[in-house]
Amino acid sequence: MHTLQTIEALDDCLAGPRRRGQRIALVPTMGNLHAGHLALVHHARREADLVVTSLFVNPLQFSPGEDLDAYPRTFADDRAALEAAGCDVLFAPSTRTLYPNGLDGLTRVQVPGVSEGLCGGSRPGHFDGVATVVSMLLHLVAPHLACFGEKDYQQLAVIRKMVADLHIPVEIAGVPIVRADDGLALSSRNGYLSPNERTTAPKLYRILGAMRDRLARGEVPANVLDDGHRALREAGFTPDYLALRDTHLAPVEADTRDAVLLAAAYLGPARLIDNLTLQLPA
Ligand code: PAF
């Protein structure tokens, strides 16, 4: 596996594969890799000739007061895990490489509609930061395919819309959530949980599952959402949002069948997110 820090080294490394017409896949990450990230790499490995993983803790997507400084940096372990997963190129640029002129006055990509509300409501500017860095990475790597986890459901919707609106010639793959045995969706932020909080954390998934079953039976969404909020608080979470949307994140209408339940909730220092798709009855 090649480990590259500069745009020039990336260009040199990709020139040959591009010339030979090899299919390139990109897996953008912020490091601190777990089995969820490695599932993205495995998907990329199956679908492409050359797998590039980027590792960059993007300051632009953290609001002041968020966990940018505390975000776990585990480069040596990440590198070893990527090598073992069959990644070909690790692109790990510095902040100065991607943002040589700093963040002030930087051109930003804003994706209206899908980036508003939910995580976009509680984390102002977050999706502008994500869309900007992902568009930059897509431009630098020019992959045929880019892989993102379905755990970040809204992020995936933002990236799909950005790619469609800007005519970026890349296929976007959503890869299913990877869960621990007890159901907790894997996330780098799970590392912030104390042992007690870690025992509570899978209740987020269980509560969403119980809500999904009730909604699929045709129960009134407002009642199910009220009960879900209560169940989260009783379990020890501070809910940020709990929402039922259609799969494009638009409000649910009478004729909506394909829907998604989305939640974000604080548990101690961690902000956990999760989602479950479901079919609403006719
Ligand atoms: O999902 C993430 O880890 C990040 O938001 C991403 C897509 C790598 C952009 O920094």
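Derivation of every value follows stated rules applied to the coordinates shown; laboratory data play no part. Because the structure is a prediction, the values reported are computed rather than measured. No Cβ is skipped: glycine too gets one built from the backbone with ideal geometry, and neighbour counts run over all protein chains shown.
The ranking of 94, 187 from fewest to most other beta carbons within 10 Å of each one's beta carbon is 94, 187.
Checking every one of the trypsin sites (Lys or Arg not before Pro) in region 40-77 against DSSP loop status and a limit of 16 other Cβ atoms within 10 Å picks out 73.
Need one word for region 1-67: rounded, prolate or oblate. Basis is the Cα gyration tensor (sqrt eigenvalues a ≥ b ≥ c); a/c below 1.5 gives rounded, then a/b vs b/c decides.
Oblate, since a/c reaches 1.5 and b/c is not below a/b.
Remark on the chain: ratio of C-alpha radius of gyration to 2.2 N^0.38 Å is 1.03. Each listed q (0.18 Å⁻¹) maps to a log10 I(q)/I(0) for region 114-178 from the Debye sum over equal C-alpha point scatterers, namely -0.64. For the chain, the relative contact order is 17 percent, taking Cα pairs closer than 8 Å that sit 6 or more residues apart in sequence and dividing their mean separation by the residue count.
Using the alpha-carbon positions of region 80-155, Rg (one decimal) and Dmax (whole number) come out as 14.6, 40 Å. The value for region 1-130 of Rg(Cα) / (2.2 N^0.38 Å) is 1.14. Only four residue types carry charge here, +1 at the Cβ of Lys and Arg and -1 at the Cβ of Asp and Glu. Report the dipole size of region 51-163 about the Cα centre in Debye, rounded to the nearest 20. It works out to roughly 260 debye.
The charge dipole of the chain, taken about its Cα centre with unit charges on the Cβ of Lys, Arg, Asp and Glu (plus for the first two, minus for the last two), comes to roughly 280 debye. Sorted ascending by nearby beta carbons within 10 Å, beginning with the fewest, 147, 13 become 13, 147. Close amide H partners of residue 178, meaning residues 5 or more places away or on another chain with modelled amide H under 5 Å apart, are 186.
With Cα atoms as the point set, the radius of gyration and Dmax of region 159-282 evaluate to 15.8, 47 Å.
Using only alpha carbons, region 160-206 has a radius of gyration to Kirkwood radius ratio (Rg to Rh) of 1.23.
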